Amino acid sequence: MVVLELHGSGGRITADITDEQAKLSDLGVGKNFLAPIGKLEEQKMQKYFCKKCEAEFDGSPKIQIEESPNEPVADDLILIERGQYTCHKCDSIIGEYRVFQKKE
Ligand SMILES: [Zn+2]
């Protein structure tokens, strides 16, 4: 497990993630990103920074499930959930997530 700052469109989240998630989040530009790693559990997020509030908050942001489309995106891959992490104070989006499942 590693603790990393993960960047989203509207801020960043400090979270405990696995080495595998850390690899996924590293797009090779010197920062780590939220979007490629799927959904984080609330208890894994220690704090977040909201760009709109320009402030850091303890604990996890809110998780808003946008939809559960069960939509095939490739032959063996299904998009099972899409949603956002949002700020408790101003409701702006900190970052987004996608959850995929591989077909057997
Ligand atoms: Zn905010």
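Could you run the Debye sum over the Cα atoms of the chain, one equal point scatterer each and no solvent, and tell me log10 of I(q)/I(0) at q = 0.18, 0.22 Å⁻¹, two decimals?
Ignoring solvent entirely, the Cα scatterers give -0.84, -1.15.
Can you tell me how much longer the chain between GLN46 and VAL73 gets when fully stretched, taken as 0.36 nm per residue apart minus their C-alpha distance, in nm with one decimal?
So the chain would gain 6.5 nm between GLN46 and VAL73.
Put +1 on the Cβ of every Lys and Arg and -1 on every Asp and Glu Cβ in the stretch 2-102; which of SER60, ASN70, GLY83 then has its Cα farthest towards the positive end of the dipole?
SER60
For GLY10, what charge total do you get from the other residues with a beta carbon under 10 Å from its beta carbon, if Lys and Arg give +1 and Asp and Glu give -1? Let's see the in-between values first.
Numbers: positive: ARG12, LYS51, LYS52; negative: GLU96.
Spelling it out: positives minus negatives among the neighbours equals +2.
Of the cross-linked pairs LYS39/LYS89; LYS23/LYS51; LYS39/LYS62; LYS39/LYS102; LYS47/LYS89; LYS23/LYS44, which ones have a Cα-Cα span greater than 19 Å in the structure shown?
Numbers: LYS39/LYS89 21 Å; LYS23/LYS51 25 Å; LYS39/LYS62 12 Å; LYS39/LYS102 15 Å; LYS47/LYS89 13 Å; LYS23/LYS44 17 Å.
Beyond 19 Å: LYS39/LYS89; LYS23/LYS51.
Values in this text are rule-based calculations from the coordinates and carry no lab data. The structure displayed is predicted, hence computed values, not measured ones. Note that we place each Cβ from the backbone using ideal geometry, even for glycine, and neighbour counts take in every protein chain shown.
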